[in-house]
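The values are calculated or read from the model by the stated rules, or taken from the named source; none is laboratory data. Here the structure is a predicted model, which means the values were calculated and not measured. FYI the Cβ positions are ideal-geometry reconstructions off the backbone, even for glycines, and counts take in every protein chain you see. Side chains included, ligands, DNA and RNA excluded: accessible areas come from the protein's heavy atoms. Shrake-Rupley method; radii C 1.70, N 1.55, O 1.52, S 1.80 Å.
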Amino acid sequence: MNRFWPRYISPLFELVQPQRIMEIGAEFGWNTRHILAYCRAHGAHADIIDPAPLPSLMHELAQFGPAEYRFLPLKSLAAIPQLEAPDLVLLDGDHNWATVFHELNLLQARAEKAGQAPPIVLSHDVAWPYARRDMYYNPDDLDGWQKHSYSYKGMLQGQSELDEKGVNGWLANAMHEGGPRNGVLTAIEDYIASAGIEFTFRKLPFFNGLGILVPTARMTPALQALIDSFFGADSLLAACEALEADGMELRGMLSQTEIGLTRRTEALQRAREIIEAQRQRIAELEHVQRTPANGG
């Protein structure tokens, strides 16, 4: 989600001016640093939720204090009921239907209890690969009806079945793509259909996707104009440039890896040739030693 900050998330923050922010799933803390810098500059407060904080996240949190944030090392479904209703949520936790659907319902219930509209929600991973496929960080945390059959194999775009050659093969991914109750985008759509209130929902389809969910009660003409601008020609051109830069960086990394592998392969081949030459030399010496001298 960090890659969306400069052009999309930061302008939303500056326009909406949220005073209570919630981040679900902070991982390395790359986005957290932006959120807390905003809180310090605007007198706002953030609740940061992550059950498995990485050292880099703790480093980022250490740069700020209790005036800017509260950190909860809990799963989102346990943390949300303990917190005040937020104005804006950055949702990037467990990427499966059951978790996302219940997170959104808990956020709505918390808002209703406080007499507020549900928060604006910015959701990551609403595009491939997890828009229509569940992923489970801890499959045992979910009941059987809450999850699909899964495997620790990767995903290939355009292929429903998992594949050893695909991406994210170290994670528990649903065995098939699509169908009911499967994926982050499906969860958001099902929530909108069942929430009983009106929303505007837009999706930026790159960098794994950013969903922008705004209750009608929180929408303003200025906010609608800002969101619409994200899909205008200038913004989409900038997105294309960012995607090209990202692709070129990946190609450079791939090229470096290929060069490194080629050099190692060539070095290994030279080592094998040296070893084979030495083996032959040793065999020749042993043969000479076993052969009686002439006239012996």
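Measuring with a 1.4 Å probe in the full set of protein chains, what accessible area per residue, in whole Å², belongs to the chain?
Details: 15910 Å² over 296 residues.
On a per-residue basis, the chain sits at 54 Å².
Report the gain in length on full extension from A277 to A233: 0.36 nm times residue separation, minus Cα-Cα distance, nm rounded to one decimal.
On the way: separation 44, 0.36 × 44 = 15.84 nm, distance 6.50 nm.
Separation in residues times 0.36 nm, less the Cα-Cα distance, equals 9.3 nm.
Hey, what angle do you get for helix 233-290 against the long axis of the chain, alpha-carbon based, 0 to 90 degrees rounded to 10?
That works out to roughly 20 degrees.
If you take every residue apart from R279 with its C-beta less than 13 Å away from the C-beta of R279, what net charge results, scoring Lys and Arg +1 and Asp and Glu -1?
Working: positive: R272, R281; negative: E273, E276, E284, E286.
Its environment carries a net charge of -2.
How tilted is helix 30-42 with respect to the longest principal axis of the chain? Cα atoms for both, answer in degrees (0 to 90, nearest 10).
30
Measuring from centroid to centroid over Cα atoms, what is the spacing of the range 95-110 and the range 6-23 in Å?
Computed from Cα coordinates, the inter-centre distance equals 21 Å.
Share of antiparallel DSSP beta bridges in the chain, in percent to the nearest 5? Intermediate results must be reported in sequence, preceding the final value.
On the way: 16 of 33 bridges.
Close to 50 percent.
Obtain the nm distance between the two label points defined at A37 and C240 by a simple spin-label model: each point lies 7 Å from its Cα along the Cα-to-C-beta direction.
Label-label distance for A37 and C240, simple model: 2.9 nm.
With a point put 7 Å past each Cα toward its Cβ, work out how far A109 is from W145 in nm, to one decimal.
1.6
Note down the magnitude of the dipole of the chain about its Cα centre, charges +1 on Lys and Arg C-beta and -1 on Asp and Glu C-beta and zero elsewhere, to the nearest 20 debye. Kindly include the intermediate steps, with their values, before the conclusion.
On the way: 26 positive and 37 negative charges, 104 e Å.
The calculation lands at about 500 debye.
Taking N as the number of residues in the range 152-272, what value does Rg over Cα atoms divided by 2.2 N^0.38 Å take? If you can, show how the numbers build up before the last one.
Numbers: Rg = 21.3 Å, N = 121, 2.2 N^0.38 = 13.6 Å.
Expressed relative to 2.2 N^0.38 Å, the Cα Rg reads 1.57.
Using a 1.4 Å probe over the heavy atoms of the protein chains, calculate the carbon and sulfur portion of the accessible area of the chain as a whole percent. Let's see the in-between values first.
On the way: 8850 of 15910 Å².
Answer for the chain is 56 percent, counting heavy atoms of protein chains only.
Using a 1.4 Å probe and ignoring any ligands, DNA or RNA, find the accessible area of H176 and quote it in Å² to the nearest 10.
Solvent-accessible area, nearest 10 Å²: 70 Å².
Take T257, project a point 7 Å from its Cα along the Cβ direction, then tell me which residues of the range 185-222 have their backbone nitrogen under 11 Å from it.
Under 11 Å, as judged by backbone N against the label point of T257, lies no residue of the range 185-222.
How long is the chain along each principal axis, judged by its Cα atoms, biggest number first, in Å?
For the chain, the Cα spread along each principal axis is 113, 43, 41 Å.
Which lysines have a Cα less than 28 Å from the Cα of K113, not counting those fewer than 8 places away in the same chain?
K75
In terms of Cα to Cα distance under 12 Å, which aspartates and glutamates are near enough to K203, apart from those fewer than 8 places away along the same chain?
D125, E189, D228
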